[in-house]
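The values are calculated or read from the model by the stated rules, or taken from the named source; none is laboratory data. Computed from a predicted structure; not experimentally measured. All Cβ positions, glycine included, derive from the backbone under ideal geometry; neighbour counts span all protein chains shown. With ligands, DNA and RNA removed, areas are computed over all heavy atoms of the protein, side chains included. Shrake-Rupley method; radii C 1.70, N 1.55, O 1.52, S 1.80 Å.
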Amino acid sequence: MGALIVYLAYMGLQLFVVDHVSPLTFLFSSNFAPDEKHPGALVFIIGSVTITLFAICVGGPLGVAVGIFLSLLAPKRLAGAMKPAIEILVGIPSVVYGWLGLTLLVPLVREHAGSQTGFGLLTAGIVLSIMILPTVVSLSEDALRAVPVALQEGSMSLGATRWQTIWNVLLPAARGGLTVAVILGIARAIGEALAVQMVIGNSAVLPKGLLAPTAALTTEIVTDMGSAQEGTVLFHSLFSMALLLLLIAMALIFAVRLALRRSA
Amino acid sequence: MITMMSMPAPPDGVLPETAPKMRVENLNVYYGKLQAIKNASLRVPKNRVTALIGPSGCGKSTFVRALNRMHDLNPSVRVEGVVTLDDEDIYAPGVDPVAVRHRIGMVFQRPNPFPKSIFDNVVYGLRIHGARGRRHLMELAERSLRHAALWDEVKDRLNHSALELSGGQQQRLCIARVVAVEPEVIVMDEPASALDPIATSKIEDLIGELKKDYTVVIVTHSMQQAARISDYTAFFLMGDLIETGKTRDIFFKPTDKRTEDYITGRYG
Amino acid sequence: MAAAAASFHVRSAGAVRRRAVNALMTGALWAAALSILVLLAFFVGYILYLGAPAISWHFLTAPPSEVDAGGGIGPEIFNSFYILILTLFFTTPIAMAGGIYLQEYARPGLFTSAVQFCAESLATVPSIVMGLFGLLVFVTMLHWKVTALGGALTLTLLNLPALMRVTQEALASVPDAFREGSMALGATQWQTIRRVVLPSAIAPLTTGIVLIAGRIFGETAALIFTAGVSVSTGRSAYDFGLFHQAETLSVHLWYTHSESLVPDAARVGNGSALVLLVMVLIFNLSARFIGLGLSRRFMGK
């Protein structure tokens, strides 16, 4: 782990140290022109953040809802059938999700949402929403199962309906674990590369709306790494993006720790 | 070995008989294939304390959970028979179990306050049933906490977490929480078993007060406790309701040999 | 009876509303759960529908084509298994040693929590970032170029934390009474772990390893720059060379879509997606059955 951080930090900082590119340019300029020593990565940062937010806004509540269902409402048989289904959803390779997005969703978005190409933020967001579902489902199920049955009984015995019990007692009591579920969903979404790369359109321009094609940090790495010459500004800036992703991942782990400590 | 002479005497001045608030007829409860309650019938008199005694595992808790349809929460439990409140069958088709639990409250073996403030715990049931307004809720909270003999201990820290309270205080908070929604019957499942003797005696005093306004059914594993606080007693053994009657009669002239054996300590 | 139903029935308008909300939300939760099942069934059906026409003996065994139509995925399937086996070969001993240490030996302390923290952080490193790390170490620094070995080692790093976690959880599921029973007979801690704890944990351990194997099989992002996007052009398409490039099936699916020039890319992609999905199903089912079978044999249930 240490080697990984040191190495990526070393490579990721080359852009600023060797090529003398200002970190501000990298973070806040939307003009990605590495050949002119102006590798502004804002487009990719905005792309990553937007699709991640989209995924967590759609996949988060849906995942928690299924977690509630599995931990509290599901008849044993149905729960027994859903467990393997969710494991399979976890197991489906991200390229297959990407392929599904490409063959199914892209034409759908093109014809019904009024997008010209079908590639773009919306398509990528939907694919990611589905991909983070299993993570959010199983973690929120665990979080709710950890709430003592006594609390549920206490609420029901006062004449609360099942939903009132869930909303007023169980969800607040499981807050810590649910936060972790959402954070790890975010981690999964922001780090996903290929499924997004196959449907986001891969053009380094600021998107004008959810339907416009753009790019994200991960997808830009995938798209340009193969052709990047070692030692060039492009090569270095791709490593800076990897470093940024690594830092985000670590920040999310810290957030998980914080959430767990506060709920304990 | 406990002899009959060492048993504390039941309350002096036996109260006059009252009409039954609840009736249980031919109740059977099954956990899957296992039958936990076998054909039990019982009358629960109004404004009196009815104690259920018996060795552990005899079905007392299973029985009281059938009184407010708590078994509905567990799909593997099946309940048969008739349980009435004011002559209305709570298991009749079309009856809303949520409405049943509104009228028949429950206090559990281990205190189970919600991880919220003391105030939010007390008014939880009120809010659930639609009460609003801070001042209005405050009045009701104070009344319930006084009723549960907890007001003086917590009045300065109503916004603190309920989990900061001692076990005995938590249990009285749970009683206040039930009292606040003004049920007609309060069912208690060994409410003092997790508490120390001082906290236990406070709970027992409280039960004596509660019966002025409520009908109380209490499960206890302590015969002394049943003798101290109850007006009526029912004895369970291995899922059978063996004998019921006035507490004084059950303790001093049991009609069934098995009851006598238990009272005199022959079952351990 | 009419009176009975009336008085246990909802009286105030508020109560009616609360019941309605309850019914509505319960319905919504059911719908959410069922939508996942429908979604999965639809995915499987759709991929089957797209991919089935592409599948033939030729497609499954022939080498891929760079320019012309009619390429197969034989070497890719081989490479996927080859890299999977290499990765498991490296990952399993290290992860199990780490898991056993953390679960059975480690005392809570700075070192233990540092190891735990590293494992957790490693688990959230995006696989594309791990791929760049692999590129840096194996391709650039060691001058291996893109190789099967470099890909497998990158995947080892990527999956170590998950497998360590699986080991820890499997060991944690063994009741302490088993350990105490063995220690009370004078067994050393290592004897206890080897003869009592590990055999009791074999079912969840195997299930976990097979599920992770499924994930390794489908991993793509970390392999593009470490194991390459072409199959070996050496003596045979089925090449055991550790230092030869080795495009796996999942990488091939991505490559077909994004870079390849073949006119029948859609057919190759559809077929590859179907094969990948079937493999995932096989891994999941066998994890389930192996787990069940083993626990029946060892635990008598």
Looking at this structure, is C:R267 closer than 30 Å to C:M141 by Cα, among the basic types (K, R), within 14 Å of another protein chain (Cβ to nearest Cβ) and open to solvent by 40 Å² or more (accessible area, probe 1.4 Å)? no
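Being part of a helix (DSSP H, G or I), aliphatic (A, V, I, L, M), within 12 Å of chain C (Cβ to nearest Cβ) and more than 30 Å from A:M198 (Cα to Cα): is that true of A:I166 here?
On the way: part of a helix (DSSP H, G or I): yes; aliphatic (A, V, I, L, M): yes; within 12 Å of chain C (Cβ to nearest Cβ): yes; more than 30 Å from A:M198 (Cα to Cα): yes.
Taking the combined requirement at face value, the residue satisfies it.
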Single residue of B:N28, B:N74 found to be at pLDDT 90 or above and closer than 23 Å to A:M156 by Cα: B:N28
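Among the residues in the stretch A:240-248, are any facing another protein chain (nearest Cβ under 7 Å) and either modelled with pLDDT under 90 or under 26 Å from A:L139 (Cα atoms) (or both)?
We begin by selecting, within the stretch A:240-248, every residue facing another protein chain (nearest Cβ under 7 Å); these are A:242, A:245-246.
Next, from what is left, pick out any that are either modelled with pLDDT under 90 or under 26 Å from A:L139 (Cα atoms) (or both): A:245-246.
There is at least one residue in the stretch A:240-248 that is facing another protein chain (nearest Cβ under 7 Å) and either modelled with pLDDT under 90 or under 26 Å from A:L139 (Cα atoms) (or both).
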Might you check whether a residue that is of a type outside the set (V, I, T), more than 14 Å from chain C (Cβ to nearest Cβ) and outside any loop (DSSP other than H, G, I, E, B) occurs anywhere in the stretch A:83-103? no
Got a number for residues in the stretch B:107-128 being within 22 Å of the chain's Cα centre (by Cα), within 7 Å of chain A (Cβ to nearest Cβ) and either of a type outside the set (S, T, N, Q) or in a helix (DSSP H, G or I) (or both)? 6
Quick check on the stretch B:170-177. Is at least one of its residues open to solvent by 20 Å² or more (accessible area, probe 1.4 Å), closer than 30 Å to B:V29 by Cα and at the interface with chain A (Cβ under 10 Å from one of its Cβ atoms)? no
In the stretch A:210-219, is there at least one residue being surrounded by fewer than 21 Cβ atoms within 10 Å (Cβ to Cβ), touching a helix residue (DSSP H, G or I) at 6+ places or on another chain (Cβ under 6 Å) and either outside any helix (DSSP H, G or I) or within 13 Å of another protein chain (Cβ to nearest Cβ) (or both)? yes
Within the stretch A:229-239, can you find the residues that are more than 10 Å from chain C (Cβ to nearest Cβ) and in a loop (DSSP other than H, G, I, E, B)? A:Q229, A:G231, A:T232
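Look at the stretch A:22-59 and say how many of its residues are in a helix (DSSP H, G or I) and within 26 Å of the chain's Cα centre (by Cα). Working first, answer last.
Of all residues in the stretch A:22-59, those in a helix (DSSP H, G or I) come to A:23-28, A:34-36, A:42-59.
The next check asks that each one be within 26 Å of the chain's Cα centre (by Cα); those that pass are A:23-28, A:42-59.
Residues flagged as in a helix (DSSP H, G or I) and within 26 Å of the chain's Cα centre (by Cα) within the stretch A:22-59 amount to 24.
If you check A:R188, A:R261, which single one turns out to be open to solvent by 40 Å² or more (accessible area, probe 1.4 Å), within 14 Å of chain C (Cβ to nearest Cβ) and free of Cβ contacts under 8 Å to residues at least 40 places away in the same chain? If you could, list the steps in order and put the result at the bottom.
Details: A:R188 fails: free of Cβ contacts under 8 Å to residues at least 40 places away in the same chain.
Answer to the selection: A:R261.
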Inspect the stretch A:244-255 for any residue being touching a helix residue (DSSP H, G or I) at 6+ places or on another chain (Cβ under 7 Å), outside any helix (DSSP H, G or I) and aliphatic (A, V, I, L, M) and give the result as yes or no. no
Subset of the stretch A:28-49 (residues that are in contact with a helix residue (DSSP H, G or I) (Cβ under 7 Å, 6 or more places away or on another chain) and either surrounded by fewer than 18 Cβ atoms within 10 Å (Cβ to Cβ) or acidic (D, E) (or both)): A:F28, A:S29, A:S30, A:K37, A:H38, A:L42
Residue within the stretch A:134-146 that is within 13 Å of chain C (Cβ to nearest Cβ) and in contact with a Lys or Arg (Cβ under 7 Å, 6 or more places away or on another chain) present: yes
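Is it the case that C:A172 is surrounded by fewer than 20 Cβ atoms within 10 Å (Cβ to Cβ), out of contact with any strand residue (DSSP E or B) (no Cβ under 6 Å at 6 or more places or on another chain) and modelled with pLDDT of 85 or more?
Numbers: surrounded by fewer than 20 Cβ atoms within 10 Å (Cβ to Cβ): yes; out of contact with any strand residue (DSSP E or B) (no Cβ under 6 Å at 6 or more places or on another chain): yes; modelled with pLDDT of 85 or more: yes.
Taking the combined requirement at face value, the residue satisfies it.
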Exactly one of C:L205, C:L276, C:L261 is in the same structural domain as C:P161 (by TED's automatic domain parsing), open to solvent by 30 Å² or more (accessible area, probe 1.4 Å) and either over 24 Å from C:F89 (Cα atoms) or of a type outside the set (G, A, S) (or both), and that residue is C:L261
Is there any pair linking a residue in the stretch C:37-48 that is assigned by TED's automatic domain parsing to the domain that holds C:L281 to one that is of a type outside the set (A, V, I, L, M), with Cβ under 8 Å and at least six apart or on different chains, and which? none
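One residue is enough: does the stretch A:167-178 have a residue meeting the conditions farther than 22 Å from A:L260 by Cα, in contact (Cβ under 8 Å) with a residue 40 or more places away in the chain and crowded, with 20+ Cβ neighbours inside 10 Å? Quick ask: steps written out before the conclusion?
Taking the stretch A:167-178 first, the residues farther than 22 Å from A:L260 by Cα are none.
Taking every residue of the stretch A:167-178 in turn, none turns out to be farther than 22 Å from A:L260 by Cα, in contact (Cβ under 8 Å) with a residue 40 or more places away in the chain and crowded, with 20+ Cβ neighbours inside 10 Å.
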Only one of C:A119, C:A97, C:A106 that is more than 23 Å from A:A9 (Cβ to Cβ) and open to solvent by less than 40 Å² (accessible area, probe 1.4 Å): C:A106
Restricting the stretch B:37-58 to residues that are open to solvent by less than 10 Å² (accessible area, probe 1.4 Å) and among the small types (G, A, S), the one farthest from the chain's Cα centre (by Cα) turns out to be B:A40
Some residue of the stretch B:136-156 being open to solvent by less than 40 Å² (accessible area, probe 1.4 Å), more than 28 Å from A:S263 (Cα to Cα) and hydroxyl-bearing (S, T, Y): yes
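I'd like to know if the stretch B:119-142 contains one or more residues that are charged (D, E, K, R), touching a Pro at 6+ places or on another chain (Cβ under 9 Å) and farther than 16 Å from B:L195 by Cβ.
No; the residues of the stretch B:119-142 include none that is charged (D, E, K, R), touching a Pro at 6+ places or on another chain (Cβ under 9 Å) and farther than 16 Å from B:L195 by Cβ.
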Filter result for the condition that a residue is touching a helix residue (DSSP H, G or I) at 6+ places or on another chain (Cβ under 8 Å) and under 26 Å from A:L258 (Cα atoms), over A:S155, A:S138: A:S138
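Report yes if A:E230 is open to solvent by 30 Å² or more (accessible area, probe 1.4 Å) and of a type in the set (D, E), otherwise no.
Yes; evaluated as a whole, the condition is true for this residue.
Out of the residues in the stretch A:1-21 that are surrounded by fewer than 13 Cβ atoms within 10 Å (Cβ to Cβ) and in a loop (DSSP other than H, G, I, E, B), which is farthest from the other protein chains (Cβ to nearest Cβ)?
Quick first cut of the stretch A:1-21, residues surrounded by fewer than 13 Cβ atoms within 10 Å (Cβ to Cβ) only: A:2-3, A:6, A:17-18, A:20.
After this cut, where a residue has to be in a loop (DSSP other than H, G, I, E, B) as well, the list is A:18, A:20.
Values: A:V18: 16, A:H20: 22 Å.
By that ranking, first place goes to A:H20.
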Inside the stretch A:108-154, the number of residues satisfying the requirement of being open to solvent by 20 Å² or more (accessible area, probe 1.4 Å), touching a residue at least 12 places away in the same chain (Cβ under 8 Å) and in a helix (DSSP H, G or I) is 9
Filtering helices (runs of 4 or more DSSP H) wholly in the stretch C:11-124 for at least 2 residues that are at pLDDT 90 or above gives C:13-51, C:74-100
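Is one or more of the residues making up the stretch C:154-164 touching a helix residue (DSSP H, G or I) at 6+ places or on another chain (Cβ under 7 Å), open to solvent by 40 Å² or more (accessible area, probe 1.4 Å), within 13 Å of another protein chain (Cβ to nearest Cβ) and not in a loop (DSSP other than H, G, I, E, B)? Talk me through it step by step, then tell me what you get.
Going residue by residue through the stretch C:154-164, those that are touching a helix residue (DSSP H, G or I) at 6+ places or on another chain (Cβ under 7 Å) are C:154-164.
Those still in the list that are open to solvent by 40 Å² or more (accessible area, probe 1.4 Å) too: C:157.
This time we only want the ones that are within 13 Å of another protein chain (Cβ to nearest Cβ), so: C:157.
Imposing the further condition that a residue be not in a loop (DSSP other than H, G, I, E, B) reduces the set to C:157.
Checked against the condition, which is being touching a helix residue (DSSP H, G or I) at 6+ places or on another chain (Cβ under 7 Å), open to solvent by 40 Å² or more (accessible area, probe 1.4 Å), within 13 Å of another protein chain (Cβ to nearest Cβ) and not in a loop (DSSP other than H, G, I, E, B), the stretch C:154-164 yields at least one hit.
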The number of residues in the stretch B:80-105 that are open to solvent by less than 40 Å² (accessible area, probe 1.4 Å) and not polar (S, T, N, Q) is 17
